[in-house]
Amino acid sequence: MAERSQFEELARQLSAVGAVKRDMGRILPPDCPAGSAAVLTLLGRHGDMRMSKLAELLSVDMSVTSRHVAHVAARGWIERSPDPADKRSRILHLTPEGAAQLDELSLRTTHLLADRLSDWTDDEVGQLIRLMTRLRASFGDCRSAPARLPHP
């Protein structure tokens, strides 16, 4: 197992990832803030879903999810249809305009990453992807019960 000093440095580096995320947020179009981009991304990745599932994937409460959904729906990027299994519920799905917006977001993100990592090798980028994927898997479903911390 790694030493305490390594975990402390890892914690510092993970905190600094916030700066990377903020930089990525600056490239979003003015009419598509981060919450809207997250809605489009999740619908693009997971397909049609109920609002409750979207809230779960966003790790936010229903009121926040409703605001994000209202924003993207007002722009015609998603549609809300009655759920055949429960008429009180709505199924969210991307419209062609939403898919186009998602493509634009992906293009912007890809260009930013290609620019910022232009001096990285393909192997280094691949290694970062593998390690970040593994890190995320180690944390599992962060929406579930709080982590059990060992006593010092």
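The values are calculated or read from the model by the stated rules, or taken from the named source; none is laboratory data. All values reported here derive from a predicted model rather than from experimental measurement. We place every Cβ from the backbone using ideal geometry, glycine too, and count neighbours over all the protein chains shown. Side chains included, ligands, DNA and RNA excluded: accessible areas come from the protein's heavy atoms. Shrake-Rupley method; radii C 1.70, N 1.55, O 1.52, S 1.80 Å.
Some notes on this structure:
- Counting protein heavy atoms only, the chain has 57 percent of its accessible area on carbon and sulfur, 1.4 angstrom probe.
- Checking every one of the trypsin sites (Lys or Arg not before Pro) in the stretch 1-104 against DSSP loop status and a limit of 10 other Cβ atoms within 10 Å picks out Arg26.
- Förster-model FRET efficiency, 30 Å R0, Ser89 and Leu10, C-beta, rounded to 0.05: 0.15
- Mean projection area, nm², convex hull over Cα of the chain: 12.0 nm²
- Against the chain, whose longest principal axis is taken from its Cα atoms, helix 4-25 shows a tilt of about 40°.
- Per residue value of the accessible surface for the chain (all protein chains in place, 1.4 Å probe), Å²: 73 Å²
- Stretching the chain fully between Gln127 and Ala114 yields a gain of 3.1 nm (0.36 nm per residue, less the alpha carbon separation).
- Residue-level accessible surface for Ile27, protein heavy atoms, 1.4 Å, Å²: 40 Å²
- On full extension, the segment bounded by Asp48 and Ala70 gains 6.3 nm, given 0.36 nm per residue less the C-alpha separation.
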